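The values are calculated or read from the model by the stated rules, or taken from the named source; none is laboratory data. Quick caveat: nothing in here was measured; it's all calculated off a predicted structure. As a convention, Cβ positions derive from the backbone with ideal geometry for all residues, glycine included, and neighbour counts pool all protein chains shown. Only protein heavy atoms, including side chains, enter the accessible area calculation; ligands, DNA and RNA are left aside. Shrake-Rupley method; radii C 1.70, N 1.55, O 1.52, S 1.80 Å.
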Amino acid sequence: MRLQEPRWSRFAKAAVGEMAPAPSKSRLERLRRQAGDVRRRLAAAHADQADSEVRHRADIRLVPAVAAAWATAAVAIALPGTMALGWALVLGGGMLGCAGGFRLWRGSNWRSGQQQPAARPGKHHKQDARSSTPDNRATMLLAVCCVVAVLFAVGLRAWSSATSPLQQAVAERGSFTLTLEVGSVPRLMDSGNGPPRVVLDASVVQATGKGRTFTGRMPIRVVAADAWSGLQVGDTVATAGTIAPAAPQEAVSGFLHPSTEPLSVTAAKGGTQAAVAAIRNAWHSAVQQVWAPHSRDTAGLLPGMVMGDRSGMDSSLSDAMKTVGLTHLTAVSGANCTLVLASLMLALRSLRTPRLAAVAVSGAGLLGFVLLVGPDPSVLRAAVMGAIGAIAILGGRPKRVGALLSVSILVLLLADPWLAVDYAFILSVLATLGLHLVGRRCVGWLSVLLPLWLAQAVAIPLAAQLFCAPVIVLLQARLTPYTIPANMLAAPVVALVTTVGTFGMVAAAAFPPVGVLCAAVSGAGAWWVAVVARSMSALPASSLPWPEGAQGVILMALLNTTVLAGLFALVERQRVASIVARLRGHLPESSRRRFGFVAMVAFASSATLWWTAAVLQL
């Protein structure tokens, strides 16, 4: 039996240097490999954490470029003559000069740096690597480039107008015989108790007056009688009248009130417009066949929700939808384009279609949808916004919505700087921005109080309305308390009406029974929207007076901020309590006991002042 070595003996051997035998080479190699694996795992975990922080951080690199381009466009379109073109040339030349000087300066620094001894790698190595990464210079350079591009676009149009014989002749406000090319589908105007009138965009290609004939291309807006409602995009029509010059902020050069009905109408060359007209007429026939005998509201509303045609809507239904904030459902928006593109992509990917082919087919489908509803500027804008939204959702990167929204705004502003003062464009951007910034937060806050599906249904119209309401006040100085409930009730059927209705519109011309079936299914959703609009518009206090102008905008913004703050305080009680505790900690000891009373008095005074300014319209 082997005796156990006493503990004091082991201590003594260690003291005199009798150590254990050194590990073998294989054991050392194994330990090195394990240490290397640990280091790699730690580095990977650190990289994943840093990448996660970057993903959760808002991408605002394009915000300066968007702000600069938007502000420049709003100012440039009001500049007289070709001043914008001059500023573009000055800024462009200055930017090129600065770029050349910076390049020479960098080259001289690089040559002088070669003569200096190389720095030792150490703690400054990380700082040098960081300084070599892209910084704010790229952001500022992009902003300056966008400013120059916007100024150049506005100045080029002003120069073209100033040198065009056609526009110079028309500017004299004489009576001309005109040849027009229709650029948009005629839209019914809200003419009150007067006769129905339509508005459409067109281009003057020839004008004859005072014994002379002028040719060119001049964009105008036509306000005409109902006889002009049958025109299609691309048609050439003759008429007569006087063109009134438009304000600089308008995207067109003038307004025409024709003195005749459309004369000598010539359809657009090619079979595209004829096919589009046949498809639209077939869909109208299917809708009227199914719903005209049973519900006139549905028969007039369904074409508007599917392809933006409001010509058949009753004026009372139109007023009811305006009262409860549902008018946007009858205009082709980015949401319609997103639904069409996303439905096509999901259907093709479900059939195991390759990604590239699915993207190509879905893009062609979106292009066909734009042609069917009419390639108006507003529809093209909605297609761009909807396509980018669908890419963000289907691409699995909803965090990139902010960057994609910035890209879409830049593209549209560079293509048409007059969108900077277009209320439809502003509302579209604000609605998308509201969904991006507070949409998910509203879902999280409301899900504490409501079921998840109901919280999602409420959060979408709530976020969009909170951001759009201050601008809507400028268009309609009314407070509509039932806008959010009405949109919440209508939201579940919008996707059904858009997807099934679009498919039925395409199928109605080739397979009429399928078109009738789709009209029946999608019409049920349109019927529900009409019921919601008429029912909620008849409720008490459905439309209240509100101050106009800047005062109304400020008061509405304060109201919406209070709603968000109240929702936050109701749900995030612990965070609110910690914020209040921090505020109390900065107060003197004598004032801490009266903090709650003072806060209540301040809130009540602010609410009273807001109510007085809003209701009495001071």
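Note on GLN289 and ARG584: the model spin-label points, each 7 Å out from Cα along the C-beta direction, lie 7.3 nm apart. For every other residue with a beta carbon closer than 15 angstrom to the beta carbon of VAL458, add +1 if it is Lys or Arg and -1 if Asp or Glu, then tell me the sum. After counting each charged neighbour, the total is +2. Taking every Cα-Cα distance in the stretch 255-328 and sorting them into 10 Å bins from zero, the calculated P(r) comes out as 16, 33, 32, 18, 1 percent.
The eigenvalues of the Cα gyration tensor, multiplied by 5 and square-rooted, give the stretch 243-282 an equivalent ellipsoid with semi-axes of 30, 15, 10 Å from largest to smallest. Of the solvent-accessible surface of the stretch 234-273, computed with a 1.4 Å probe and all protein chains present, 56% belongs to carbon and sulfur. For the pair the stretch 435-500 and the stretch 148-203, the centres of their Cα atoms are 36 angstrom apart.
Quick one: net charge around ALA477, please, counting Lys, Arg +1 and Asp, Glu -1 for every other residue with C-beta under 15 Å from its C-beta. All intermediate terms of the calculation are to be shown ahead of the outcome.
Values: positive: LYS322, ARG478; negative: GLU548.
With Lys, Arg at +1 and Asp, Glu at -1, the net is +1.
The C-alpha radius of gyration of the stretch 473-585, expressed as a fraction of 2.2 N^0.38 Å, stands at 1.65. On a per residue basis, the stretch 138-290 carries 48 Å² of accessible surface, using protein heavy atoms and a 1.4 Å probe. Summing Lys and Arg as +1 and Asp and Glu as -1 over all other residues whose Cβ lies under 15 Å from the Cβ of PRO165 gives a net charge of +2. Of the whole protein surface, LYS210 contributes about 150 Å² of accessible area at a 1.4 Å probe radius. Between ALA347 and VAL199, the simple spin-label model (points 7 angstrom out along Cα→Cβ) gives 3.4 nm. Extending 7 Å from Cα along the Cβ direction at LYS210 and again at THR562 yields two label points whose distance is 5.9 nm. Based on the alpha-carbon gyration tensor of the stretch 500-544 and its eigenvalue square roots a ≥ b ≥ c, which shape applies: rounded if a/c is under 1.5, prolate if not and a/b is larger than b/c, or oblate? It comes out prolate by the Cα gyration axes.
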